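Notes for the one structure printed next.
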Amino acid sequence: MCGISGIVSSRNVSKKLLGSIQNLEYRGYDSCGMAVLNEQNAQVKKNVGYVADVAEKELFTTLDGNVGIAHTRWATHGGVTQANAHPHVSCSGRLAIVHNGIISNYRELKAVLRKKKHRFASETDSEVIAHLIEERLKGKKNSSIENAFMAALMELDGSYAVAMITIDKPGIIYCGKYESPLIIGLGKDENYVGSDFNAFIEYTKDTIIMDDGECAIISSDGYEVKKVNGARSVPKKITTLEWDAEMAKKGGFPHYMLKEIHEQPDSIKKVMAVNEKDYAELAENLISAENAYLTGVGTTFYVSQLGQYCLASEAGIMAPAVSSDEFLEIAPAKKGDFVLAVSQSGETYDTLRALRAAKKAGPKTAAIVNVVGSSMSRLTDKVVLQGSGPEICVISTKAAVSQMIALMRLAIETGALTGHLNVASKKRRINELKKLPKLISDFLNERSAFVRSLAQKHAHHFDWLFIGRGKYYPIALEAALKVKEVAYLHAEGMPAGFLKHGTIALIDDRVRTLVFIPSEKEKELFKLTMGSVEEIMARGGKVVAFHSSRSLTKSKFFKDELVLPDAPDYVAPILSLVAAQLFSYFIAIELNRNIDKPRALAKSVTVA
């Protein structure tokens, strides 16, 4: 959940390194630093704060050298201090490292190293790596840097992506990975390493995706990938990216979040263009499995929950959504079962942990991910790449909606195979999904001002309940999460029917309840939801309603409302979610929050 970048070149690297970690800042932004080699030493500059501020304060671009590593941090071990920022150096100062992941045995290693007179400058687990490599260089007569680096990696328990430079080999970057992403970029007279593609997408689209238990020796004119245990060379294929560097820029929008909300029509078209055979293969696994599970965590858990509802309604299949952080405790997957994981990055620690455990137990596995070559895409038996393009804002919008569409599309295919949907019903559902991009685009273009006005009126209410029934329940959960993430307000999502079983005691005139109301065509769901609205009103609560019913407009039931365009019942929840994303964005604007870099969050949660 931190950003790693490294460049080895025939030219000075400091400016490119700075640009690289600015592109990675969504992975962590409480501190940052750079280390660049010159002929005499490893020059290290680092401090607390955003990249631009630290770069100006520490004069990053004055560093002079052709080899360098850089890092943006999201704190796990140790507070947010200059000492805890990366890079970390050995006692001699001859080598520097950057690290992403968690070293679970760092306390034991640190105790041993202290007895050998190593001095530690930080509270982090990461610094142990620099001292351990230095110790392994002393530990064996004539030990090469490469051997010492690999020996140190083999002593680490936990997850890591590590890059190292040393003045003893000034033209080389050493790197290695285990359960944390690391990718090599191939350029002309220079090569790169990064924790994801955005580290170097401005400079090259040719990449080498490293696997667990591999290390690499990278120079300006080449690279070699080896197994950490045994140093056997590993042939690797070159993966050429389709993403464009311009896709990762704001394109005239004030924030990436707003840009990515507006990109959702296009991302839906892309996931709808995924080959029907890919969905059919997943559907066959769902149908033939003794037990089928959907899993994700955070937003992707809510995405999975929507998938659970759609599989039930369209295919008559029960495939429970299980939060991946709890998967091992409640989902005893076995041979004959099927586990479908959802992850934007394909590197989410909890979901990878669930999948690895499932692989050992024997069920078939699959994943819906946004990043080609990610760990999840290589671990599972089948992968569906949603093709949303880079999502830079920490708050997920377009990737999440795209994944919802993928699961809705899967539910339709599964329903067709089970006979739950006939040919005409399948065609109608597919057409509803295909028309959704225009519905969303028209809404964003025509009604954003209404959403902004609503947000401005209610932004200063700090306690919210978000409720919905049926497919609107996971929408309520995800909408509440957006408000928590970007606006820092207390927002709790729940089923509307759950409200009266305890939480209704919180209702008073200080609490706002946002209710997602289905269309009146869904008679029973509409009736039950409106019953919850009346329960709130009876206790002096104030309701903000998202609905499309003209008969409810300016209703006595609501404190306020957002009237949505008419949409088919199957896709209407997605339109409600897009409106809720925009609502949370405008609340955050009103409260002067840091939209693209919300506090305490990072884009890809790759640690336990």
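The values are calculated or read from the model by the stated rules, or taken from the named source; none is laboratory data. Keep in mind that what you see is a predicted model, and the values were worked out from it rather than measured. We place every Cβ from the backbone using ideal geometry, glycine too, and count neighbours over all the protein chains shown. Note: areas computed on protein heavy atoms with side chains; ligands, DNA, RNA excluded. Shrake-Rupley method; radii C 1.70, N 1.55, O 1.52, S 1.80 Å.
Could you please find all residues in region 152-166 being surrounded by fewer than 19 Cβ atoms within 10 Å (Cβ to Cβ) and within 15 Å of Lys227 (Cα to Cα)?
Listed by number, the residues that qualify are Met154, Glu155.
Restricting to region 197-213, give me the number of residues that are part of a loop (DSSP other than H, G, I, E, B) and either without any contact (Cβ under 8 Å) to a residue 40 or more places away in the chain or touching a Pro at 6+ places or on another chain (Cβ under 6 Å) (or both).
Selection size over region 197-213: 4.
Please specify each residue of region 372-396 satisfying the condition of being at pLDDT below 90, surrounded by 24 or more Cβ atoms within 10 Å (Cβ to Cβ) and in contact with a Leu (Cβ under 8 Å, 6 or more places away or on another chain).
Answer for region 372-396, where residues must be at pLDDT below 90, surrounded by 24 or more Cβ atoms within 10 Å (Cβ to Cβ) and in contact with a Leu (Cβ under 8 Å, 6 or more places away or on another chain): Ser375, Val394.
Can Lys115 be described as under 23 Å from Pro170 (Cα atoms) and without any contact (Cβ under 8 Å) to a residue 12 or more places away in the chain?
no
Among (1) open to solvent by 10 Å² or more (accessible area, probe 1.4 Å); (2) at negative phi; (3) of a type outside the set (A, V, I, L, M, F, W, C); (4) over 22 Å from the mean Cα position of the chain (by Cα), which single condition is Gly419 missing?
Condition (2) is where Gly419 drops out.
Within region 424-437, is there a residue that is surrounded by fewer than 19 Cβ atoms within 10 Å (Cβ to Cβ), of a type in the set (A, V, I, L, M), in a helix (DSSP H, G or I) and at pLDDT 95 or above?
For region 424-437, residues surrounded by fewer than 19 Cβ atoms within 10 Å (Cβ to Cβ), of a type in the set (A, V, I, L, M), in a helix (DSSP H, G or I) and at pLDDT 95 or above: present.
Whether any residue in region 535-543 is open to solvent by less than 40 Å² (accessible area, probe 1.4 Å), in contact (Cβ under 8 Å) with a residue 40 or more places away in the chain and on the phi < 0 side of the Ramachandran plot is what I want to check.
no
From the list Gly19, Gly33, exactly one residue is within 27 Å of Thr348 (Cα to Cα), of a type outside the set (D, E, K, R) and in contact with a Pro (Cβ under 6 Å, 6 or more places away or on another chain). Which is it?
Exactly one residue qualifies, and that residue is Gly33.
Just for region 550-594: of the residues that are farther than 20 Å from Pro495 by Cβ, of a type in the set (Gly, Ala, Ser) and free of Cβ contacts under 8 Å to residues at least 60 places away in the same chain, which one is least open to solvent (accessible area, probe 1.4 Å)?
For region 550-594, the residue satisfying everything is Ser555.
Of these, Leu282, Leu294, Leu306, which one is at pLDDT 95 or above and more than 21 Å from the chain's Cα centre (by Cα)?
So the residue among Leu282, Leu294, Leu306 that is at pLDDT 95 or above and more than 21 Å from the chain's Cα centre (by Cα) is Leu282.
Applying the selection to region 554-592, what residues are of a type in the set (Phe, Trp, Tyr) and assigned to a loop (DSSP other than H, G, I, E, B)?
Within region 554-592, Phe557, Phe558, Tyr570 meet the criteria.
Looking at the structure I just gave you, is Lys169 without any contact (Cβ under 8 Å) to a residue 40 or more places away in the chain, assigned to a helix (DSSP H, G or I) and open to solvent by 60 Å² or more (accessible area, probe 1.4 Å)?
no
Within region 266-291, can you find the residues that are open to solvent by less than 10 Å² (accessible area, probe 1.4 Å) and of a type in the set (A, V, I, L, M)?
Ile268, Val271, Leu282, Ala283, Leu286
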